[in-house]
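Take a look at the structure set out below.
The values are calculated or read from the model by the stated rules, or taken from the named source; none is laboratory data. Quantities reported herein were computed from a predicted structural model and do not represent experimental measurements. Here the Cβ is made from the backbone with ideal geometry for all residues, glycine too, and neighbour counts use every protein chain on show.
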Amino acid sequence: MLPSPRWSIFLAMAQALAHPPSYPGSDGLTIPTTAGPVTGFVNDTAPQVRQWLGIPYAQPPVGDLRFAPPQKTSFSSHPINATAFAPSCMQQYSNGSTIYTEVLNEFLINGGDSEDCLYLNVWAPAATGTGKGTWPVFVYAPGGGFTSGGANSLYKIPDKWVQRTQNHVVVIMNYRVNVFGFPNAAGLGTQNVGLLDQRAVIEWTRDNIAAFGGDRENIIFWGQSAGGASVSLYTYGYPQDPIVKGISADSGSPSIAGSADYAKSNFTFLAGLVGCGSLTSTAELNCMRHNITARALENVLSLYQISQRKPSISFGPVPDEKTVFKNYTERAINGQIAKIPAIFGSNANEGAGFVPYTPGGPGSSALLNITNSVIACPSAAEVQRREIVGLTTYRYQYSGVFNNTSPVGWFGAYHSSELPLLFGTHYEYRGNSTPYEYEVSHFTEALWLSFATNSSANPTATLPNGEIFSWPATTTKDQVLIEIANGTSLVSVESADIIDQYCS
């Protein structure tokens, strides 16, 4: 999903004017970290939530560090003023119209982009003392197709969720995308540095989150779309030392990542476009690091893609047999996967997020085909791998359709539509939510939080009638999922065939 500059500026200004930060004192707001103290804030929209925005977790990836693995920040005794989002990482722009650019701008990034972008954000309950160091932690990786995306997105700000529950911590990251995160350059010894950024955030969380009130022994790595693919890849990249206690992969799986550019020709082709062509691999890399600005490189890549010239080039995760692999089934069977529980799921009409926007939309059969081929069936394949090797897995299909989050009939339960319900932002735009929508939101948040609180037990949540719902794991003998918000019930347990029948 790509940012619309006009809407990004408008929404960022509106948010800042409506909810200016206030500083009720330093108690619990200045926190020691491995890079030095950081000072956050509390504001009037979530007065029981402490927020720290724009905490550096790695050195700026500029100069010799462009395309390189993240490097730890140096310690400074001067407090970091963590009161505003940092820019997102450099984006790859498109002129295509989507449901996000035309209608659902709240999913887009705000605040622009920069090469200096390796920052994270923390939201924690205001209470200090009794809960300190005991709250479960979600570390969230945003989506964006590995070409765009970032932490500053209105629908995905968790302050209202933390305000309501007062018993968990959320960390949301920026990580490098497109050529900056996945250069696949012949002169590099290490690829997929965008995925290494994510690992650096997990390590930062392990080392620092207790000071914010989080439990360093109880971290859930959660992501959606490319972020969901990332957390699934993570289980294969760090089978012996995952650090996290579980993962949640919304609309993502390892098989939606992986480039076939084994010859590393895309980077060389792009280098030729910007005046770094016909060089040795070492000289090519040096030229791409020092002879062109990040903004110029971003513009050339974006304009080339917009022009639809040939050959087509792309930059995303590539099999390096360290973070991305060619054969996930083989690795799972051989035990080369982290033995931690997981949530996997998809939405009933994912396809609406992947087609050009038109007021009437495409036909339902086209949307179903895209839903299954792009998201639902790859996710199902990963679930089945986990079932075969006996890893605890909870599966869902989100089917919720609400007027404020899905305002056009053919959108349905589109790609990303569960996120406003999980982050608790569903009521903030295009009118207040219905009582049923609030029930769905609170119930879904409770399931995810139950998973985070005790990932070794079945997630549970209280139904409106007071009964406790327990989410059954899916197994080879009992392949099930839960359907959330089908319009007539809050949740139901269904056969996985409601999805798998469409997957070969």
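Tell me yes or no: at least one residue of segment 350-370 is of a type in the set (Asp, Glu), modelled with pLDDT of 95 or more, within 18 Å of the chain's Cα centre (by Cα) and part of a loop (DSSP other than H, G, I, E, B). First the steps, then the outcome.
Taking segment 350-370 as the starting set, the residues that turn out to be of a type in the set (Asp, Glu) are 350.
With the extra rule that they be modelled with pLDDT of 95 or more, the set shrinks to 350.
Among the residues that remain, those that are also within 18 Å of the chain's Cα centre (by Cα) are: 350.
If we keep only those that are part of a loop (DSSP other than H, G, I, E, B) too, we end up with none.
So far as segment 350-370 goes, no, none of its residues is of a type in the set (Asp, Glu), modelled with pLDDT of 95 or more, within 18 Å of the chain's Cα centre (by Cα) and part of a loop (DSSP other than H, G, I, E, B).
When the residues of segment 372-397 are narrowed to those that are over 19 Å from the mean Cα position of the chain (by Cα) and among the polar types (S, T, N, Q), which ends up nearest to Ala413 (Cα to Cα)?
For segment 372-397, the residue satisfying everything is Asn372.
Would you mind finding the one in Gly129, Gly111 that is part of a loop (DSSP other than H, G, I, E, B), of a type outside the set (A, V, I, L, M), at pLDDT below 95 and under 15 Å from Met173 (Cα atoms)?
Numbers: Gly129 fails: under 15 Å from Met173 (Cα atoms).
The conditions single out Gly111.
Restricting segment 163-214 to residues that are among the charged types (D, E, K, R) and surrounded by fewer than 24 Cβ atoms within 10 Å (Cβ to Cβ), which is nearest to the chain's Cα centre (by Cα)?
Among those that are among the charged types (D, E, K, R) and surrounded by fewer than 24 Cβ atoms within 10 Å (Cβ to Cβ), it is Arg199.
Among the residues of segment 86-100, is any touching a Gly at 6+ places or on another chain (Cβ under 8 Å) and closer than 27 Å to Ala127 by Cα?
Yes, segment 86-100 contains a residue that is touching a Gly at 6+ places or on another chain (Cβ under 8 Å) and closer than 27 Å to Ala127 by Cα.
Does Asn369 satisfy being surrounded by 13 or more Cβ atoms within 10 Å (Cβ to Cβ) and farther than 25 Å from Gly194 by Cα? Don't jump to the end; show me each part of the working.
Working: surrounded by 13 or more Cβ atoms within 10 Å (Cβ to Cβ): yes; farther than 25 Å from Gly194 by Cα: yes.
When the stated conditions are applied, Asn369 passes them.
Need pairs with beta-carbon distance below 9 Å; first residue surrounded by fewer than 17 Cβ atoms within 10 Å (Cβ to Cβ) and within segment 316-333, second in a helix (DSSP H, G or I); sequence gap 6+ or separate chains.
Listed pairs, sorted by first residue: Lys322/Gly237; Thr329/Ala381; Thr329/Arg385; Thr329/Ile388; Ile333/Arg385; Ile333/Ile388.
Please verify whether Glu284 is over 31 Å from the mean Cα position of the chain (by Cα), buried (at least 17 other Cβ atoms within 10 Å of the Cβ), part of a helix (DSSP H, G or I) and acidic (Asp, Glu), treating the condition exactly as stated. Walk me through how you get there before you give the answer.
On the way: over 31 Å from the mean Cα position of the chain (by Cα): yes; buried (at least 17 other Cβ atoms within 10 Å of the Cβ): yes; part of a helix (DSSP H, G or I): yes; acidic (Asp, Glu): yes.
Spelling it out, Glu284 is indeed over 31 Å from the mean Cα position of the chain (by Cα), buried (at least 17 other Cβ atoms within 10 Å of the Cβ), part of a helix (DSSP H, G or I) and acidic (Asp, Glu).
With respect to Phe451, determine if the residue is touching a Pro at 6+ places or on another chain (Cβ under 6 Å), modelled with pLDDT of 95 or more and not in a loop (DSSP other than H, G, I, E, B). Even if it seems obvious, please write down each step before you answer.
Numbers: touching a Pro at 6+ places or on another chain (Cβ under 6 Å): yes; modelled with pLDDT of 95 or more: yes; not in a loop (DSSP other than H, G, I, E, B): yes.
Yes, satisfied.
Among the residues of segment 73-85 satisfying the criterion of being surrounded by fewer than 24 Cβ atoms within 10 Å (Cβ to Cβ) and under 22 Å from the mean Cα position of the chain (by Cα), which is nearest to Gln48 (Cα to Cα)?
Of the residues in segment 73-85, the ones surrounded by fewer than 24 Cβ atoms within 10 Å (Cβ to Cβ) are 73-81, 83-85.
Subsequent filtering for residues that are under 22 Å from the mean Cα position of the chain (by Cα) retains 83-85.
Numbers: Thr83: 16, Ala84: 18, Phe85: 19 Å.
It comes out as Thr83.
Could you please find all residues in segment 76-132 being among the charged types (D, E, K, R) and over 23 Å from Val42 (Cα atoms)? Spell out how you get there, then give the answer.
As a first pass, look at segment 76-132 and keep what is among the charged types (D, E, K, R): 102, 106, 113, 115-116, 132.
Hits for segment 76-132 are Glu102, Asp113, Glu115, Asp116.
Filter segment 96-113 for residues that are charged (D, E, K, R) and surrounded by 20 or more Cβ atoms within 10 Å (Cβ to Cβ); which is farthest from the chain's Cα centre (by Cα)?
Ranking the candidates gives Asp113 first.
Restricting to segment 473-484, give me the number of residues that are in contact (Cβ under 8 Å) with a residue 24 or more places away in the chain and out of contact with any Leu (no Cβ under 8 Å at 6 or more places or on another chain). Lay out the reasoning, then the answer.
Here is the first cut: in segment 473-484, the residues in contact (Cβ under 8 Å) with a residue 24 or more places away in the chain are 473-476, 479-484.
Restricting the remaining residues to those that are out of contact with any Leu (no Cβ under 8 Å at 6 or more places or on another chain) gives 473, 475-476, 479-483.
Of the residues in segment 473-484, 8 are in contact (Cβ under 8 Å) with a residue 24 or more places away in the chain and out of contact with any Leu (no Cβ under 8 Å at 6 or more places or on another chain).
Going by the structure shown, is Leu65 buried (at least 21 other Cβ atoms within 10 Å of the Cβ) and among the aliphatic types (A, V, I, L, M)?
Numbers: buried (at least 21 other Cβ atoms within 10 Å of the Cβ): no; among the aliphatic types (A, V, I, L, M): yes.
When the stated conditions are applied, Leu65 does not pass them.
Condition check ((1) over 18 Å from Asn347 (Cβ atoms); (2) assigned to a loop (DSSP other than H, G, I, E, B)) across all residues:
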| position | (1), (2) |
| --- | --- |
| Arg395 | no, no |
| Gly400 | no, yes |
| Leu422 | no, no |
| Arg430 | yes, yes |
| Tyr438 | yes, no |
| Ser455 | yes, yes |
| Asp478 | yes, yes |
| Thr488 | no, yes |
| Cys503 | no, yes |
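Would you kindly identify the strands (runs of 3 or more DSSP E) lying entirely within segment 166-280 that contain at least 3 residues that are touching a residue at least 60 places away in the same chain (Cβ under 8 Å)? Please lay out each step first, then the result.
Details: elements: 169-173, 214-224, 246-250.
Output list reads 214-224, 246-250.
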